[in-house]
Every structure is written in structure tokens, then in C-alpha cells.
Amino acid sequence: MTCLECNKELSYLDHRNAMDSLGVELCAKHQERMERLVEKNNTPMEAIQLYYGLKEAGVQAMLEWWDGKKSVDIAISRVKLNIEIDVEYHMLTHEQAMNDLEEAMHSFKNGFTTIRIPHILIRHYLKETVHNILGIMEGLKANIKAI
Ligand SMILES: [Zn+2]
């Protein structure tokens, strides 16, 4: 068990604390840093899990990226892809749905594609989710080249 950021060896306690708090293996220092980010942005735990899942697959993503209007859960700037984690999509009201649509519109205008992923998918099918995002990135890369 090592820290996903600095590869430091984790003690049993460090490991348990990080898994309980964030669901990923981080040393005390990096856990604290991540918890501050979560507190500030209300970041869902699954965004952090996906971020490290992507990192493991060699994808450099950004957590809580400020796009000028709002903080995006995860952004992959190389292919202009924004990923938002839906935490309570089963309670989506029409106002929220319209808000999402408008945010998607603004992203598209800036050349960004936004996809929304239900948090349960990341929690239970992280590997498959990462695999599909890699496929989306391939498609976006091809489109960027085409232009
Ligand atoms: Zn660390």
C-alpha cells in the first residue's frame, strides 16, 4: 500500500483513514490536501476515485478545474473534455436539468465536450468507466485532428 501521489509507504492506519475519508490510498499529507479541496468545492468522493483511476491509465486530468464560470469536477484539457459526476441524478428537477443543459451549451461554445457520469457507475465499475473515457478521448482526438 503506497500513496497514489508520492508513493510513500502507508501505515495500516493511514490507509484506513484515507479509504474511509476519500476511498483512495493517500498518505496523511496528501489526504489532508485532498480533503481541503473537497471541503472547498464539495467534490464527490467518486470524482477523486475517477481522477486516480484515470491517472493510473496514464491520463493527466485536473480535479475541480475552474472554467471561468464554474468548477468542473474533472477536466481533461488535452482533448477538451469535462466530466461531471452526478451524485443525486434520481432527484433531478427540471430546473437542474435545464441548468445542466445550459452549462453544456457554454462548454460546447468554448469547444469543450461535457459528459455526466452517475457516481454509482464509478463506485462499482471504475475500470469500465475509465475504459470508456479513454475511448471518448480517442474519438475527441480524432475530431480535433479532423478540424
Ligand atoms: Zn503522499
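Could you say which residue among LEU54, LEU22 is within 16 Å of the ligand (Cβ to nearest atom), surrounded by 16 or more Cβ atoms within 10 Å (Cβ to Cβ) and either under 12 Å from the mean Cα position of the chain (by Cα) or not assigned by TED's automatic domain parsing to the domain that holds LYS141 (or both)? Don't jump to the end; show me each part of the working.
On the way: LEU54 fails: within 16 Å of the ligand (Cβ to nearest atom).
Just a single option satisfies the conditions, and that option is LEU22.
Please go through the range 117-140 and give me each residue that is of a type in the set (Val, Ile, Thr) and assigned to a helix (DSSP H, G or I), ordered by number.
Initial filter on the range 117-140 (of a type in the set (Val, Ile, Thr)): 117, 120, 122, 129-130, 133, 136.
Within the range 117-140, ILE120, ILE122, THR129, VAL130, ILE133, ILE136 qualify.
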- Message: Step by step: first the residues of the range 34-46, then only those that are out of contact with any Ser or Thr (no Cβ under 8 Å at 6 or more places or on another chain) and closer than 22 Å to LEU126 by Cβ, then the one that is surrounded by the fewest Cβ atoms within 10 Å (Cβ to Cβ). Which residue is that?
- Response: ASN42
- Message: Restricting to the range 80-120, give me the number of residues that are basic (Lys, Arg) and over 18 Å from ASN42 (Cα atoms).
- Response: 2
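The values are calculated or read from the model by the stated rules, or taken from the named source; none is laboratory data. Keep in mind that this is a model prediction, so the values were computed, not measured. Please note: Cβ atoms are built from the backbone with ideal geometry, for glycine as well, and neighbour counts cover all protein chains shown.
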